[in-house]
Amino acid sequence: MPRRSLRPPGRTPGGGAAAAGARSRDLTLHVFLADRPGSLLVGQLAQRGHEIAFRYDPTFVATGLDLSPLGLPRRLDWLQERSRVFDGLHGVFADSLPDGWGLRLMDREFARLGIEPATVTPVERLRFVGARAMGALVYQPALGPDADPSPLDLDALADQAERLYEGSPEDVLPELLAAGGSPAGARPKVLVAYNADTGAMRSGAEDVPAGYRHYLVKFPTREDGEDIGALEMAYAAMARDAGLDMPPTRLFTTRAGRRCFGVERFDRVPVGAEPAGAGGGPVAHERRHVHTLGGLLHASHREFGCTYGEYLRSTAALTRDRREVLEAFRRMVFNVAASNRDDHVKNFAFLLGPDGAWRLSPAYDLVYAAGPGGEHSMMVGTEGRRPTYRNLLEVAEPAGITAAETGEIVTAVVDAVRRWPERAREFGVTRATAARVGAAVAASSAAALEGRPVVAGGVGVGDTTEAAAADARVPNAGPVDDPSPPSKRARSRAPRRAN
């Protein structure tokens with residue numbers, strides 16, 4: 001695959017690291033919204049020295065579309081983000097940047113070119129991403145690897161991804177840089193286009209022919225264990241059992257026997273009827289604008305700042321649809337009952353349709369996680385370590401969710417989560433992992449019912465709880481990763497942006 005020159009403004013060819021240190025800090029990018037035929041110019045994102053500012057194009061303001069209702073008002077003057085949560089970048093544009101794995105690949109490429117990664121600004125990183133960002137925003141002029149229509153070798157990518165993840169100093173394969181340099185998240189992953197009829201796979205970082213679907217494929221690491229793909233697949237099935245809106249998922253098995261979890265991307269939407277045959281034809285996908293909860297609220301996923309109450313309030317404010325609020329609540333209940341404590345602000349997102357209407361994205365990154373210090377990343381009411389039914393009510397009631405709706409959702413989710421042993425067997429989760437996760441799920445799902453009033457024979461029995469009965473019904477009950485009592489510490493909020 002040919003590499004596109006990544007020479008930044010002001011750097012002379014062959015200038016090496018010395019020239020890189022002297023490169024210009026002045027850079028302007030044109031931002032486009034590519035969610036329809038004929039992209040819309042959104043505006044200009046400018047960097048002057050260490051300052052970053054954005055200005056809408058008047059034609060975009062006239063459309064009435066709102067890319068970031070809480071953080072980027074539709075005004076025609078230059079807008080600066082005064083908080084430093086994203087190094088001065090506005091949250092909606094920060095959502096286009098990778099972290100973790102994608103950032104590591106990007107930094108490797110800058111270092112290969114003699115550019116110290118620590119000196120690269122957020123706007124320069126957006127220029128590297130160009131048209132390969134998750135979502136529908138495109139940044140021009142772009143730098144970075146060109147898309148390659150050649151078939152992908154998943155084994156070769158997985159092999160190098162594992163070596164790089166473990167610290168190998170080798171240069172990144174161009175195919176891996178193009179396919180893996182834009183997704184967020186810590187685990188190695190690539191964006192691919194997959195044709196289920198033929199089994200063909202190619203880079204999915206940019207547009208693909210008809211007959212292909214866009215997938216994000218995660219590679220297992222030694223740190224995660226060999227069955228992490230099967231584990232996430234089982235959780236996706238369990239989430240569907242619980243009534244969550246989930247994208248299609250599948251396991252991709254390499255020649256070496258690695259089982260890689262794949263999820264169909266919800267920011268690439270198939271449109272119209274695809275032509276017969278799988279070899280070509282027009283592009284049959286549209287992009288969708290994605291805004292994470294963290295980008296919306298200018299909150300870092302590395303800090304304990306947001307709460308589930310804020311998530312539901314944000315959902316209500318953006319979507320103005322009570323059904324979406326109920327779905328957001330259901331996702332919270334699932335994370336509690338299924339012991340997914342990696343529930344930070346980048347793992348919740350919203351989609352903007354071409355008609356300007358917001359809705360929740362499908363759920364994603366649902367898998368067992370013990371959590372930092374045994375805590376959920378977002379507070380459930382007043383509790384972070386061991387949320388109970390009373391804590392779920394603390395979130396439900398201010399959101400206008402009735403007691404009956406709360407009870408119905410919690411019951412459905414807990415019933416689905418109790419099918420963990422069945423789902424683990426279905427997807428080949430190892431016995432050791434199934435038992436370890438089963439113990440945690442048994443404890444967290446029982447806690448989700450703790451404090452719930454029991455009604456027997458239609459007669460209320462006061463504050464009697466279902467906890468003891470739940471413990472008796474849940475298989476694999478046993479010690480969990482962190483058996484300490486509920487945390488009583490107050491978690492301070494991350495600094496909010498200055499308005």
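None of the figures in this text is laboratory data; all of them are computed from the coordinates on show. The model shown is predicted, which means the values in this text are computed figures rather than measured ones. Please note: Cβ atoms are built from the backbone with ideal geometry, for glycine as well, and neighbour counts cover all protein chains shown.
A few notes on this one:
- One chain, two ends: residue 118 and residue 317. Fully extended at 0.36 nm per residue, the span grows by 67.9 nm beyond their Cα-Cα distance.
- Residue-by-residue Karplus 3J(HN,Hα) for region 232-238, coefficients 6.51, -1.76, 1.60, Hz, glycine and proline x: 5, 5, 5, 5, 4, 5, 5
- Near the amide H of residue 189, within less than 5 Å, lie the amide hydrogens of 219, all on another chain or at least 5 residues away, with H placed in the peptide plane.
- Cα-based shape type of region 289-473, given that a ≥ b ≥ c are square roots of the gyration tensor eigenvalues and the cut on a/c is 1.5: oblate
- Given R0 = 56 Å, the distance between the Cβ atoms of residue 48 and residue 200 translates into a calculated FRET efficiency of 0.75.
- Residues whose amide H comes within less than 5 Å of that of residue 42, counting only those at least five positions distant or on another chain, are 31, 32, 33 (H built at 1.01 Å from N in the peptide plane).
- In Hz, Karplus ³J(HN,Hα) per residue of region 293-305 (6.51, -1.76, 1.60; θ = phi - 60°; x = Gly, Pro): 4, x, x, 5, 9, 6, 10, 7, 6, 8, 10, 7, x
- Farthest towards the positive end of the charge dipole of region 16-140, among the residues 120, 135, 85, is the Cα of 120, using unit charges on the Cβ of Lys, Arg, Asp and Glu.
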